[in-house]
Amino acid sequence: MTNVFDYLKWRGDLKPEQAAFNDIDALILSGLSYIPFEGIVLSDPLDSITIEEAADRFFQIKDLAQEVYRAQDVDFFRALSESERFKDMGLSGYISEVDFEAQKQIADIVIDTSDGFHFVAYQGTDDTLVGWKEDFNMSFMSPVPSQKEAVSYLDRMADAIKGKLRVGGHSKGGNLAVYASAFCEKTVQERIDSVYNNDGPGFDSTVILQEGYASIRDRVHTFVPQSSVIGMLLEHEEEYTVIHSNQVGLLQHDYYSWEVMGDHFIYLDNVTNSSLFLDRTIKDWMAGLNQEQREKFIDGLYAVFDKTDAKTLSELTGNWYKNAQVVLKSLKTDEPMKRVISEMLGLFIKAGKENLQLFKPKIPSLRPKERHLKLKDGDTLE
């Protein structure tokens, strides 16, 4: 079970000019956007600091485990800063914002990869409830605030820096990378070599049918683990590549679980039946709801969770018993809200039951890319 940490050991001693940029490099730089760089990396795209220099300051922070999104992020950034391949790459243009009123959560950074390219990385959804709320808002709103900001950010950064661009992100960050690349200034889009969407959701038809999306589609590289849930949400028109994760279910969204071999991921032929089943169930359910129903359901759920005063998923689940009592009490006293949530959940269960009978696993919702790394005889990924 080899992952990005093993890649850093295998290829970390090779500079970008010695070994060409690859898909794992793109995932690593997308993951870099999750590191909290407040006070370390400036927002000015022309005021750069190397990864090694940023690490010197970062590891002076007390209680690092409380600052990062995932516990492994600390070891990940340490390994990156000690790698010949990455340590001299420049960091700039860092912004991070959580706006509860506007329901917006963003964090973006620019990385000078020292091979004539800059990589613009968008962070995925963090631990905040408002970040997850914005993700769900995509089902009835386009664009959401972070998508608008993503376009503006890419245009501003590209205006300040020279050369070709790569754009990428993980989870919602992957969605933002594609959206920004589709709707940025035309002169900026012409400089974009490739866009990396690592298990990020798709878009509604109003986005997919626009010229900007069509113009960038062939430069988009989408990766999803075999039991993907997040990456199969909404609609995709681009091809996708299935990679193997050593986790199960939703835990496969964690890119530290994605397996690599040399300078490539381990590829599979298709996502699992469970992923296809859930994808079709969600799409059928959503197709049966109009925008007003979607908005009422999502706003209702958020309003109920907001009664707990929790601002993050960790706070919500950390005191789950107390918060569960608050949620139940809220539903009892708000009968209209209770009816909306019950009705929507009932329709979702109905869609699931129908797909248990009708589901045909050979019909994927995306077009798989003919690109696979075959294993030796006798090897297994089960």
**Report entry** Dipole magnitude of the chain, debye to nearest 20 (Cβ charges: Lys/Arg +1, Asp/Glu -1, about Cα centre)
**Finding:** 1180
Report summary line: Spelling it out for Gly202: with amide H atoms placed in the peptide plane at 1.01 Å from N, the residues 5 or more places away or on another chain with amide H under 5 Å from its amide H are Leu233, Leu234, Glu235
Query raised in the report: In the range 4-271, with Lys and Arg counted as +1 and Asp and Glu as -1 at Cβ, which of these residues, Phe37, Val260, Phe119, has the Cα nearest the positive end of the dipole, that is, farthest along it?
Result: Phe119
Query raised in the report: To the nearest whole percent, what portion of all C-alpha pairs in the range 173-293 is separated by more than 23 angstrom?
Result: 35
Query raised in the report: What is the range 248-344 by shape, rounded, prolate or oblate, if you read a ≥ b ≥ c off the alpha carbon gyration tensor as root eigenvalues and call it rounded for a/c under 1.5, prolate for a/b larger than b/c, and oblate otherwise?
Result: oblate
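Based on the Kirkwood radius over alpha-carbon pairs, what is the Stokes-Einstein translational diffusion coefficient of the range 29-105 at 25 °C with 0.890 mPa s viscosity, in µm²/s? Provide the component values of the computation, followed by the final result.
On the way: Rh = 13.2 Å.
Once the numbers are plugged in, D ends up at 187 µm²/s.
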Report summary line: Any residue on another chain or 5+ positions along whose placed amide H is under 5 Å from the amide H of Phe119 is listed here as Ile111, Asp112, Thr113, Arg166
Requested in this report: Using a 10 Å cut-off on Cβ atoms, rank the peptides 60-66, 196-202 from the highest mean neighbour count down.
Outcome: 196-202, 60-66
Query raised in the report: Rg to Rh ratio, the chain, alpha-carbon atoms and Kirkwood radius?
Result: 0.96
**Report entry** Phe59/Asp306 FRET efficiency (R0 35 Å; Cβ-Cβ; nearest 0.05)
**Finding:** 0.50
Report task. Could you calculate the contour length gain from Thr333 to Trp320, that is, 0.36 nm times the residue separation minus the distance between their Cα atoms, to one decimal place in nm? Result -> 2.7 nm
Requested in this report: Select from the range 68-155 those chymotrypsin sites (Phe, Trp or Tyr not before Pro) which occupy a DSSP coil region and have at most 13 other Cβ atoms within 10 Å, ordered by residue number.
Outcome: Phe100
Requested in this report: Considering Cα pairs under 8 angstrom that are at least six residues apart, work out the relative contact order of the range 4-271 and quote it in whole percent.
Outcome: 16
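Values quoted throughout were computed directly from the atomic coordinates according to the rules given, and no laboratory measurement underlies them. Computed from a prediction, not measured in an experiment: that's the story for all the values here. Neighbour counts are summed over all protein chains in view; Cβ atoms, including those assigned to glycine, are modelled from backbone coordinates with ideal geometry.
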